[in-house]
Amino acid sequence: MRSQKKFNAGFSFELFPPKTKEGIKKLQSNVHKLVRLNPLYFSVTYGAGGSTQDRTLETVDWLRREGIETAPHISCVGTDREQIRALLHHYRDLGVQRIVALRGDMPSGMRQGGDFRYASELVEFIRAETGSQFHIEVAAYPEFHPQAPDAGSDLWNFKLKVGAGANGAITQYFYNADAYFRFVDSCEKLGIDIPIVPGIMPITNYTQLARFSDTCGAEIPRWIRKRLQGFGDDRESIRAFGIEVVSLLCERLLQQGAPGLHFYTMNQAEATTSIWHNLGLPS
Ligand code: FAD
């Protein structure tokens with residue numbers, strides 16, 4: 001972990017664009033709570049398909065109007081160069097300085113198509129269009145991307161994104177710190193020299209977490225799964241256990257050199273804030 005100790009990538013919070021008026025109100029209220037923790041930035045996810053993309057733009061516009069440092073995600077699957085160019089211009093005009101560049105996933109049943117196959121091609125395009133205007137984050141997978149044929153090729157593909165001009169990476173969430181440390185070591189051996197910030201998913205709802213984890217390839221260790229299953233509908237016990245487990249994970253990651261943390265807040269403030277306080281982070 002020598003290479004990560006020298007970076008100070010800071011703390012960031014991820015949001016998704018809400019669908020309903022009620023969701024928008026909840027997001028705005030929770031952002032106002034989370035902003036008191038003084039994160040480096042908030043990021044906003046971006047889906048494939050029209051209306052969800054508009055909602056990302058609306059959420060980013062609102063955050064910028066509030067004067068909040070914002071990193072929109074841009075996924076390239078199913079899009080063309082002209083669409084990405086227009087987005088980049090829009091974000092530049094809003095004063096956005098940081099982008100999270102992704103391939104994304106097509107909704108099942110839809111054909112991939114578009115001008116880009118991989119996130120590395122998107123990073124390359126953003127650099128060609130906008131030079132060093134944006135700080136670019138990309139995704140990393142300590143437990144490996146579910147479509148990767150093997151660990152070695154996934155690492156090489158990650159290196160391609162870095163070579164194309166990524167400044168930093170945010171990982172898929174994980175609950176096994178050793179997977180992260182080993183991933184970082186392997187990156188170091190390949191000469192990858194950017195901050196790799198652990199993505200942290202607070203545990204608040206077992207059913208939802210199990211569903212996400214099955215699709216994105218993030219492993220919930222058996223002992224955590226069993227404990228969570230044992231709590232049944234007792235949401236308070238799930239919450240307390242989740243906060244304890246994830247706080248300990250974060251503590252170990254930071255103690256052993258992780259350069260920051262990126263919280264998948266799920267538009268909630270409470271769990272992230274509790275973990276933040278347990279870690280003794282400034283607010
Ligand atoms: P890539 O880096 O392109 O990798 C995808 C797969 O292709 C991997 O298996 C990789 O090994 C392989 N690959 C890459 N390059 C090559 C190559 N040249 N030849 C052969 N194989 C190659 N999804 C969304 O839709 N919207 C979001 O806002 C969003 N935000 C995310 C944020 C974070 C921090 C993370 C970790 C994930 C996010 N995702 C999001 C999910 C992400 O889009 C999916 O995991 C997607 O399947 C892969 O995206 P990627 O950018 O990692 O793709």
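Structure notes:
- Failed condition for G104, given (1) open to solvent by 30 Å² or more (accessible area, probe 1.4 Å); (2) at positive phi: (1)
- All positions within region 255-283 that are without any contact (Cβ under 8 Å) to a residue 40 or more places away in the chain and under 17 Å from the mean Cα position of the chain (by Cα): none
- Qualifying residue in region 2-25 (condition: farther than 30 Å from G191 by Cα, surrounded by fewer than 17 Cβ atoms within 10 Å (Cβ to Cβ) and touching a helix residue (DSSP H, G or I) at 6+ places or on another chain (Cβ under 8 Å)): yes
- Subset of region 26-43 [surrounded by 13 or more Cβ atoms within 10 Å (Cβ to Cβ), part of a helix (DSSP H, G or I) and either of a type outside the set (D, E, K, R) or touching a His at 6+ places or on another chain (Cβ under 9 Å) (or both)]: L27, Q28, N30, V31, L34, V35, L37
- Residue count, region 210-240 (criterion: open to solvent by less than 30 Å² (accessible area, probe 1.4 Å) and touching a helix residue (DSSP H, G or I) at 6+ places or on another chain (Cβ under 8 Å)): 6
- Of all residues making up region 59-89, the number that are over 18 Å from A101 (Cβ atoms), among the charged types (D, E, K, R) and either free of Cβ contacts under 8 Å to residues at least 24 places away in the same chain or within 15 Å of the ligand (Cβ to nearest atom) (or both): 1
- Restricting region 113-154 to residues that are acidic (D, E) and within 12 Å of the ligand (Cβ to nearest atom), the residue that is surrounded by the fewest Cβ atoms within 10 Å (Cβ to Cβ): D150
- Any hit, region 85-95, residues being closer than 30 Å to N38 by Cα, modelled with pLDDT of 95 or more and under 17 Å from the mean Cα position of the chain (by Cα): no
- Checking each residue in region 62-93 for being within 24 Å of S29 (Cα to Cα) and surrounded by fewer than 15 Cβ atoms within 10 Å (Cβ to Cβ) picks out R65, E66, G67.
- Enumeration of residues in region 30-58 that are of a type in the set (G, A, S) and either in contact with a strand residue (DSSP E or B) (Cβ under 7 Å, 6 or more places away or on another chain) or away from the ligand (no atom under 12 Å from the Cβ) (or both): S43, A48, G50, S51
- Looking only at residues of region 90-112 that are more than 15 Å from R64 (Cα to Cα) and small (G, A, S), we find that the one that is nearest to the ligand (Cβ to nearest atom) is G104.
The values are calculated or read from the model by the stated rules, or taken from the named source; none is laboratory data. Keep in mind that this is a model prediction, so the values were computed, not measured. For neighbour counting, all protein chains shown are included, and Cβ atoms are generated from backbone atoms with ideal geometry for every residue, glycine included. All accessible areas refer to the heavy atoms of the entire protein, side chains included, with ligands and DNA or RNA removed. Shrake-Rupley method; radii C 1.70, N 1.55, O 1.52, S 1.80 Å.
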